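The numbers here are math on the coordinates, done by the rules we state, and not lab data. All values derive from a computational prediction rather than experimental measurement. Note that each Cβ is placed from the backbone with ideal geometry, even for glycine, and that neighbours are counted across all protein chains shown.
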């Protein structure tokens, strides 16, 4: 075997190795695969961290993941495990509170949208982009909650009666037409 | 038993706030009689906790592999110098357009720079010395901003 053949074989092996490394990197880690496509170029900066708004709202939120976009703005991602592949109003409120807390504590700009990543029972993960509530809407909701707990405001019932069938407190509930 | 807030100084958690989007009556009843969950909900919560644990582990292993930030690479993840640079990035650079552009450029170039640094002890030492000067400058700038 001549030296030039050895050189070419070694070069081919190296090229194949580099190709394998490139393919592996392209496929990426589980974290990369779980990202919404819009965050492909973002950096994961916070995981399972607690943030506080401070006064006057006094709210605390634990984030699942926070990504930083190339322009520096932060984007929140919340993981949910459920049978139905869709985001709910509860997700939007939770992420809106997280947004206020992260912005208040870090001073960073947090995008007014976020992602709800839904993991279904079959193990499929799909991300949904949601628009978040603003400071005034959350402050109103905070006041309303306090009013309900203080007995000053009449609480609303769940919009769907189907939700009531799964509620552990339904035997104490005075909702009309509840079977 | 009435439910109390989980946070300090009567703070409300994001999860407690989120319940407002489901059923306000349930919040009132849970406040009066205490939180109650069905067997099915307990199973769902356990499944959720497991999924969150895996989600966190995926994120941690991904972040551990990257080593793309020069300060983290040179000083370590939780070093004082790294924290100062992070604070400077969040409090100063990310608040102006030019700063955000610089941060974006840094994020794009730092992985390859780190890859070179870990191969050369001399380059790592030189970068460490240089970064200490930068950290001192950042501290001074932050202190002046706080004074104003």
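Below, the figures for the structure above:
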read-out: Relative contact order (%) - chain B, alpha-carbon pairs under 8 angstrom, separation at least six; value: 19
read-out: Base-10 log of normalised Debye intensity for the range A:87-179 (one unit scatterer per alpha-carbon) at q = 0.10, 0.13, 0.22 Å⁻¹; value: -0.40, -0.66, -1.14
read-out: Share of Cα-Cα pairs in chain A lying beyond 31 Å, as whole percent; value: 38
read-out: Residues listed by number, the range A:95-136, amide nitrogen under 20 Å from residue B:47 label point at 7 Å toward C-beta; value: A:116-128
read-out: Gaussian network model of chain A, springs between alpha carbon atoms under 10 Å - residue of A:53, A:159, A:81 with greatest fluctuation; value: A:159
read-out: Average beta-carbon neighbours from other chains, 10 Å sphere, peptide B:79-89; value: 1
read-out: Nearest-ten-degree value, helix B:80-91 long axis tilted from longest Cα axis of chain B; value: 70
read-out: Percent of beta bridges antiparallel (DSSP, the protein assembly as shown, rounded to nearest 5); value: 70
read-out: Distance (nanometres) between label positions extended 7 Å along Cα→Cβ at residue B:78 and residue A:121; value: 4.1
read-out: Folded to 0 to 90 degrees: helix A:135-149 orientation relative to chain A principal axis, Cα; value: 50
read-out: Highest-MSF residue in chain A out of A:11, A:151, A:107 [GNM, Cα springs under 10 Å]; value: A:11
read-out: Gyration tensor verdict on the range B:9-148 (Cα atoms; rounded if a/c is under 1.5, prolate if a/b is larger than b/c, oblate otherwise); value: prolate
read-out: Rounded if a/c under 1.5, otherwise prolate or oblate - the protein assembly as shown, Cα gyration tensor axes; value: oblate
read-out: Percentage relative contact order, chain A, counting C-alpha pairs under 8 Å, at least six apart; value: 15
read-out: Pairwise FRET efficiency - residue A:9 versus residue A:156, Cβ, R0 = 56 Å, nearest 0.05; value: 0.15
read-out: Residues residue A:134 and residue B:122, FRET efficiency given R0 of 56 Å [Cβ-Cβ distance, rounded to 0.05]; value: 0.60
read-out: GNM top mover of A:143, A:35, A:126 - chain A, alpha-carbon springs below 10 Å; value: A:143
read-out: Cα-based helix-to-principal-axis angle, A:89-106 vs chain A, degrees rounded to 10; value: 70
